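Take a look at the structure below.
The values are calculated or read from the model by the stated rules, or taken from the named source; none is laboratory data. These figures come from a predicted structure and were not determined experimentally. All Cβ positions, glycine included, derive from the backbone under ideal geometry; neighbour counts span all protein chains shown. These area figures cover heavy atoms from the full protein model, side chains too; ligands, DNA and RNA do not enter into them. Shrake-Rupley method; radii C 1.70, N 1.55, O 1.52, S 1.80 Å.
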Amino acid sequence: YLGSRAAFRTTDNMSRMQESGRYALDAMSREVRMAGYVGCGNLQSATVNTIANPPVPVMSSATAVTGQDFTAAAANFLGTTITRPAGDTLSLMGAFGGGVPLVGNLVPSNANIQIAGNPYGFAVGDVLMVTDCKNADIFRPTSISNAGGVTMAHGNSTNTGNRVGNYGPDGIVFKMQQFTYFIGINPTTNNRALYRTELTTGVPQGTQEVVEHVEDMQITYGLDTNGDRAVDAYASATGVANWAQVVSVRISLLVASPENNITTSNQRYIFNNAAVNALDNRMYQTFTATIGVRNRLP
């Protein structure tokens, strides 16, 4: 009975570790691939104009994919109360959701635009983007009226300047999002987990736990240094001199078993090219994926 119970616990914990690692990489991979998406064009072919006032970040090739190596001084960051005990961060910016076509008030000097319904729940203060294949303007609506159609105003209280695009009926409005992934400590369970913050109303909010028992995250970036749209070298965040050169992201996650006392002795594992002796009797497994940024690849 004791042998069967120990085998069951080992199998159950290993299955949960694999499920957590695969889910975490899948969720992050989808957004890495879409980073820098601005509709049917991309940041290399479209003119992108951010008229939303700070703290909304300027959307550009240098901000679509960014990261930060872990430092002890960065235990708290991005306005969240979740503590960072270890691990790098990864920030991804782009239009990740669905879009709604424009139907009226399309000239740049007009501070109102009309859209064909509001199925995605665009709200006052959201960071939105109106785009076609040539231009994209990032703004924050100051009012949304549903009378006689959906009309969104973007006044100068949260925006500066006019749109650069003269959009036709092919223009589409997306929600512009920026997600930042990091390792944090759950204040309820005191366990480490993979967290994500979302850019909301111009500031990072909505911190959510994505996957529990993710102990560490290390990220390196594939750089295209000669303009041929292929990786020439990999570097950590501190080694990236030009974020516009990032064409791929390599993510390594260290996932621990939910339960302790699974192994009879402390496990020795390899993570971030180093051998580590575990401090407890949990199981540990490394999950790694290299993801291309589609808008920067051939």
Residue identified as β-branched (V, I, T) and open to solvent by 40 Å² or more (accessible area, probe 1.4 Å) among T207, T180, T197: T207
Could you look through segment 1-43, keep only residues that are free of Cβ contacts under 8 Å to residues at least 24 places away in the same chain and among the hydroxyl-bearing types (S, T, Y), and pick out the one that is farthest from R294 (Cα to Cα)? Y1
Of all the strands (runs of 3 or more DSSP E) wholly in segment 136-235, which have at least 3 residues that are closer than 18 Å to V38 by Cβ and not aliphatic (A, V, I, L, M)? 177-185
Say we look at segment 79-109 and pick out the residues that are surrounded by fewer than 19 Cβ atoms within 10 Å (Cβ to Cβ) and part of a strand (DSSP E or B); which of these is nearest to the chain's Cα centre (by Cα)? P101
Report whether or not G121 is of a type outside the set (S, T, N, Q) and either open to solvent by less than 40 Å² (accessible area, probe 1.4 Å) or assigned to a strand (DSSP E or B) (or both). no
Does segment 261-270 include one or more residues that are open to solvent by 30 Å² or more (accessible area, probe 1.4 Å), without any contact (Cβ under 8 Å) to a residue 12 or more places away in the chain and either in contact with a strand residue (DSSP E or B) (Cβ under 6 Å, 6 or more places away or on another chain) or part of a loop (DSSP other than H, G, I, E, B) (or both)? yes
One residue is enough: does segment 40-54 have a residue meeting the conditions part of a helix (DSSP H, G or I), of a type in the set (G, A, S) and surrounded by 22 or more Cβ atoms within 10 Å (Cβ to Cβ)? no
Out of (1) in contact with a Pro (Cβ under 6 Å, 6 or more places away or on another chain); (2) buried (at least 17 other Cβ atoms within 10 Å of the Cβ), the one I113 does not meet is (1)
Consider only pairs whose beta carbons are under 6 Å apart and that are at least six residues apart or on different chains; among these, list those whose first residue lies in segment 273-297 and is over 30 Å from A64 (Cα atoms) and charged (D, E, K, R) and whose second residue is open to solvent by less than 50 Å² (accessible area, probe 1.4 Å) and part of a strand (DSSP E or B). R282/A256
Show the residue pairs that are 6+ apart or on different chains and have beta-carbon atoms under 7 Å apart, the first residue being within segment 175-195 and farther than 14 Å from A27 by Cβ, the second being outside any loop (DSSP other than H, G, I, E, B) and among the basic types (K, R). I183/R192; I185/R192
Anything in segment 286-298 that is open to solvent by 40 Å² or more (accessible area, probe 1.4 Å) and either modelled with pLDDT of 95 or more or among the aliphatic types (A, V, I, L, M) (or both)? List them, or say none. T286, T288, T290, L297
Going through segment 271-287 in order, the residues found to be of a type outside the set (A, V, I, L, M) and part of a strand (DSSP E or B) are F271, N277, Y284, Q285, T286, F287
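Only one residue in L102, L128, L92 is in contact with a His (Cβ under 9 Å, 6 or more places away or on another chain), at pLDDT 85 or above and among the hydrophobic types (A, V, I, L, M, F, W, C). Which one?
L128
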